[in-house]
1. For region 362-392, which residues satisfy the criterion of being in contact with a helix residue (DSSP H, G or I) (Cβ under 7 Å, 6 or more places away or on another chain) and charged (D, E, K, R)?
2. Give the number of residues within region 370-390 that are part of a loop (DSSP other than H, G, I, E, B), within 17 Å of THR17 (Cβ to Cβ) and in contact (Cβ under 8 Å) with a residue 60 or more places away in the chain.
3. Please report, ordered by residue number, the strands (runs of 3 or more DSSP E) entirely within region 37-111 with at least 3 residues that are among the aliphatic types (A, V, I, L, M) and touching a strand residue (DSSP E or B) at 6+ places or on another chain (Cβ under 9 Å).
4. List the residue pairs whose Cβ atoms are under 9 Å apart, where the first residue sits in region 317-340 and is assigned by TED's automatic domain parsing to the domain that holds GLN231 and at pLDDT below 85, the second is small (Gly, Ala, Ser) and in a loop (DSSP other than H, G, I, E, B), and the two are 6 or more positions apart or on different chains.
5. Is it true that some residue in region 343-352 is among the small types (Gly, Ala, Ser), modelled with pLDDT of 95 or more, assigned to a strand (DSSP E or B) and buried (at least 18 other Cβ atoms within 10 Å of the Cβ)?
6. Identify all residues within region 82-108 that are among the hydrophobic types (A, V, I, L, M, F, W, C) and in contact (Cβ under 8 Å) with a residue 60 or more places away in the chain; write none if there are none.
7. Determine the pairs where a residue that is within 18 Å of PHE141 (Cβ to Cβ) and touching a residue at least 40 places away in the same chain (Cβ under 8 Å), located within region 24-50, has a partner that is part of a strand (DSSP E or B) and acidic (Asp, Glu) with Cβ atoms under 6 Å apart, the partner being 6 or more residues away or on another chain.
8. Taking THR272, is it surrounded by fewer than 23 Cβ atoms within 10 Å (Cβ to Cβ), within 25 Å of VAL329 (Cβ to Cβ), assigned by TED's automatic domain parsing to the domain that holds VAL329 and in contact (Cβ under 8 Å) with a residue 60 or more places away in the chain?
Amino acid sequence: MSNNSILVIGGGFSGITAALEAAEVGHEVFIVEKMPYLGGRVAQLKHYFPKLCPPTCGLEINFQRIKNNPRVKYFTMAEVVSVSGGPGSYDVKIKIKPRYVNNNCTACDKCVDVCPVERDSAYDFNLGKTKAIYRPHLMSFPMRYVIDEQVCEGTSCSKCVEACEYQAIDLEEKEKEITISVGSVMVATGWEPYDVSKLTNLGGGQIPNVITNMQLERLAAPAGPTDGKIQRPSDGEEPKRIAFVQCAGSRDQNHLDYCSYICCMASLKHCTYIREQYPDAEVVIYYIDLRAPGRYEKFLNKIQQDEKVLMVKGKVAKIEEDAGSNQVVVTAEDIMGGIKKEEKFDLVVLATGMQPSIAENDLPLEVPKDEEGFITGGDEKGIFAVGCAKMPLDVMTSAETATGAALKAIQTVRR
C-alpha cells in the first residue's frame with residue numbers, strides 16, 4: 001500500500017512551494033532544511049527582478065500558508081541521513097542538530113545583549129557579525145534564535161540562560177534522529193554561489209574591494225550588515241566608479257562549464273541599487289554576452305538607456321589592487337573598440353555563477369546527476385528534482401518547477 005506522505009529535501013522558495021502545493025490538496029508533507037530557517041537564498045535578497053519588490057512579499061505569504069496548514073511539518077537544522085525502500089514506500093532517517101533554543105523564544109533580544117562572543121555572519125557572506133546566539137535574519141521562520149555551538153562558550157558562560165525570562169534556552173540539548181515514512185521525495189536542495197577563492201586572476205577573496213554579486217545583495221539589503229548602504233568593505237567609503245564582471249567563473253572549462261542564467265539580470269538589478277543610492281556614480285559592465293530572456297528584455301533596455309551605465313563587450317583578463325590606494329585595477333578587452341585597457345574602480349562586483357548545492361555533497365539517495373551536479377532523473381523512483389537542483393533558474397521559474405514536481409509526487413503516492 002502506498003504511503004500518501006511526501007518528503008521535501010530543502011526549505012528554500014522552491015521547496016516551500018512544492019510542499020504547499022502538495023499539502024493543500026490533502027497530503028502530509030515533511031520539509032527537511034539544513035539551515036536554522038526556511039526561505040533559502042531568496043531570504044538574502046534585497047529585491048526580485050524585474051518588478052524590484054522585496055522577497056518578504058512572497059516569503060511572508062508562504063510562511064502564513066505553512067502556519068495555517070497542519071499537514072506541513074518542517075525540521076530546520078536537519079539533514080536526511082538515509083532513504084530506503086521504493087516509490088510509494090520510503091523510510092527516511094533524519095538527523096536534527098541541537099538549536100539550543102526552544103519554542104518559548106519570543107525574539108526579545110535580551111540574550112543577544114548579554115552574549116560576550118561574536119561570530120562572522122555566513123548569512124551576510126562574512127561582511128557582518130552576530131553574537132554566538134543570534135536570530136538568523138530579520139524575518140526568519142521560525143522566529144527563534146539559534147546558538148552557534150562552534151563559538152559558544154556553553155555552560156561556562158550561560159549569560160543568555162540567565163537573561164532569558166521564558167526558559168527558552170537549553171545548553172544541554174542533544175542531537176537526535178527520527179524516522180518517517182513517505183511515498184515520494186522532492187529534492188529542492190538549491191544552489192551555492194561559486195567559490196570565489198578559485199578565481200585568483202580576478203582577485204576573488206584576496207582584494208577587499210572585490211566582492212561577489214550576493215555580497216552586494218546583502219550590502220544593499222535594509223537589514224544587511226551596513227543597513228542597506230552600499231560601501232567599500234576596505235574603508236566604508238561610497239564607491240564612485242563600480243565595475244561588474246560577468247561570467248566570473250561561468251562558461252569556463254576550468255570552473256563552471258555552463259551559463260547560470262540569472263547573472264546578467266542580477267547585475268542589471270544591482271545597477272538600480274547603485275543608481276538609486278548614488279545618482280552620480282558610474283557603472284561599467286564587462287560582459288561576453290547579455291542574457292535577458294523573454295519579458296526581461298524590457299528591463300535590459302531600461303538599464304541600457306541609463307547614461308551612467310556603460311556596457312563593454314569583452315572578457316576581463318585580470319583584476320589587481322592599486323598599490324597606492326584602495327582602488328581596483330581591471331584589465332579587460334573591449335571587442336567593439338578593438339583595444340585592451342586598464343581602468344581603475346572603487347568597487348568591483350564579480351557575477352559568480354550558481355552551483356548546485358549537491359555538486360560536491362552526495363545525497364543519501366540514488367539519483368542520476370550530470371558532471372556539474374544537477375539532477376537529471378529519478379522520476380521512475382518517485383524522486384523529483386525541484387528548482388536549482390535541476391538547473392540554474394530564477395525564482396519565478398523555480399516555483400513553476402516546484403508545482404510540476406508536486407503534481408508528479410502526488411501522482412506517485414496515489415497510484
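The values are calculated or read from the model by the stated rules, or taken from the named source; none is laboratory data. Bear in mind the structure is a predicted one, so any value in this text is a computation, not a measurement. All Cβ positions, glycine included, derive from the backbone under ideal geometry; neighbour counts span all protein chains shown.
1. Once the filter is applied, which keeps residues that are in contact with a helix residue (DSSP H, G or I) (Cβ under 7 Å, 6 or more places away or on another chain) and charged (D, E, K, R), region 362-392 yields ASP379, LYS390.
2. 1
3. Hits in region 37-111: 78-86, 89-96.
4. Close Cβ pairs satisfying both conditions: GLY337/GLY314.
5. Yes.
6. VAL83, VAL92, ILE94, ILE96, VAL101, CYS105
7. Within 6 Å, the pairs are LYS34/GLU79.
8. In short, no.
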